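Participant: Sending over a structure as structure tokens; questions will come in a sec.
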Amino acid sequence: MYFSNNKKIINNYIIMKKKKFAIVLAGCGVYDGAEIHEATLTMLAIMRQGAAYSCFAPDIPQYHVINHLTGKEMDETRNVLIESARIARGDILPLNEFDGNNFDALIFPGGFGAAKNLSTVAFEGAGAKVNSDVEKAVLQMVELKKPIGALCISPAFIAKILKDVSVTIGQDKGTSEAIEAMGATHIETDHGDVVFDEEKLVFTTPCYMLDATILDIDDGAVNIVKAMLEKM
């Protein structure tokens with residue numbers, strides 16, 4: 001291998017060797033999009049552990065828009081990809097352009113957008129539907145035998161897609177019962193815990209499905225990224 005004194009060439013070589021995550025966002029904001037702490041701390045955990053990431057989101061309308069100050073629904077429409085670009089600082093692609101062959105892992109932060117925009121878990125529980133691009137991405141990674149991570153409520157739609165899989169959303173009885181009704185196994189966990197389904201290579205952690213602080217979210221993000229990297 002030839003190494004030039006040119007730092008750009010050396011840095012590009014290092015970047016090429018990094019493990020790369022695809023992060024799928026569901027908008028911007030806990031009540032109608034991606035949970036911002038979970039999304040940004042996942043990005044930070046990936047980079048601090050020597051990996052890289054690219055962001056994706058479906059190019060679809062949000063289910064609705066919530067005023068995060070009052071908690072009330074607003075009379076306007078927004079787009080999931082455009083809102084997700086706020087978190088990604090504009091560096092994001094439509095999810096229908098995702099190709100699992102270009103990534104080592106796929107990970108979904110939580111937030112109600114995961115249950116309203118990426119799926120209908122928030123409204124239909126065990127009978128939920130999952131966005132077709134989300135389902136396609138998950139199934140492709142399973143076929144490629146590459147790790148999939150899900151934080152907070154996102155494990156619920158992973159359970160809907162894969163059914164016979166072990167996941168966690170923490171200790172919420174209603175959501176865990178819906179997951180079991182989908183054909184999956186729910187395992188109760190606490191802050192920072194990660195459940196690993198060895199057959200499907202699925203990693204899940206509860207985050208804000210528990211009564212958490214931002215420190216707990218950091219623990220969850222760090223632990224799930226670390227666990228995923230160990231299986232790459």
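Participant: Residue check, THR205 against (1) within 18 Å of PHE21 (Cβ to Cβ); (2) of a type in the set (Ser, Thr, Tyr); (3) surrounded by fewer than 19 Cβ atoms within 10 Å (Cβ to Cβ), all met but one. Which one?
Facilitator: Condition (3) is where THR205 drops out.
Participant: Which one of the conditions (1) more than 17 Å from the chain's Cα centre (by Cα); (2) surrounded by fewer than 19 Cβ atoms within 10 Å (Cβ to Cβ) does THR175 fail to meet, given that it meets all the rest?
Facilitator: Looking at each condition in turn, THR175 falls short on (2).
Participant: Given the conditions (1) farther than 22 Å from ILE23 by Cα; (2) touching a helix residue (DSSP H, G or I) at 6+ places or on another chain (Cβ under 8 Å); (3) crowded, with 19+ Cβ neighbours inside 10 Å, and given that ALA221 satisfies all but one, which numbered condition is not satisfied?
Facilitator: (1)
Participant: Moving on. If you check GLY170 against the conditions, is it small (Gly, Ala, Ser), more than 17 Å from GLY125 (Cα to Cα) and crowded, with 20+ Cβ neighbours inside 10 Å?
Facilitator: No; evaluated as a whole, the condition is false for this residue.
Participant: If you check every pair at least six apart or on different chains, which have Cβ atoms under 7 Å apart with a residue in the range 218-232 that is in contact (Cβ under 8 Å) with a residue 60 or more places away in the chain first and a residue that is assigned to a helix (DSSP H, G or I) and of a type in the set (A, V, I, L, M) second?
Facilitator: ASP218/LEU41; ALA221/LEU41; ALA221/ALA45; VAL222/ALA45; VAL225/ALA45; VAL225/ILE46
Participant: Being in contact with a Cys (Cβ under 7 Å, 6 or more places away or on another chain) and surrounded by 18 or more Cβ atoms within 10 Å (Cβ to Cβ) is the requirement here; does ALA88 meet it?
Facilitator: Yes; evaluated as a whole, the condition is true for this residue.
Participant: A follow-up question, please. Test of understanding: among ASN131, ASN117, which residue is surrounded by fewer than 22 Cβ atoms within 10 Å (Cβ to Cβ) and either touching a Cys at 6+ places or on another chain (Cβ under 9 Å) or modelled with pLDDT of 95 or more (or both)?
Facilitator: Answer to the check: ASN131.
Participant: What is the one condition in (1) in contact with a Gly (Cβ under 9 Å, 6 or more places away or on another chain); (2) of a type in the set (Lys, Arg); (3) over 23 Å from ILE148 (Cβ atoms) that LYS72 does not satisfy?
Facilitator: (1)
Participant: From ASP133, ASP91, ASP75, which residue is more than 22 Å from ALA227 (Cβ to Cβ) and within 14 Å of the chain's Cα centre (by Cα)?
Facilitator: ASP133
Participant: Another question about this same structure. Search the range 168-182 for residues that are on the phi > 0 side of the Ramachandran plot and in contact (Cβ under 8 Å) with a residue 12 or more places away in the chain and pair each with any residue that is surrounded by 15 or more Cβ atoms within 10 Å (Cβ to Cβ) and of a type outside the set (Asp, Glu) when their beta-carbon atoms are under 6 Å apart and the residues are at least 6 apart or on different chains.
Facilitator: Partner pairs satisfying both residue conditions: GLY170/THR189; GLY170/PRO206; GLY170/MET209; GLY170/LEU210.
The values are calculated or read from the model by the stated rules, or taken from the named source; none is laboratory data. Source: prediction; values computed, not measured. Don't worry about glycine lacking a Cβ; one is built from the backbone with ideal geometry, like all the others, and counts go over all protein chains shown.
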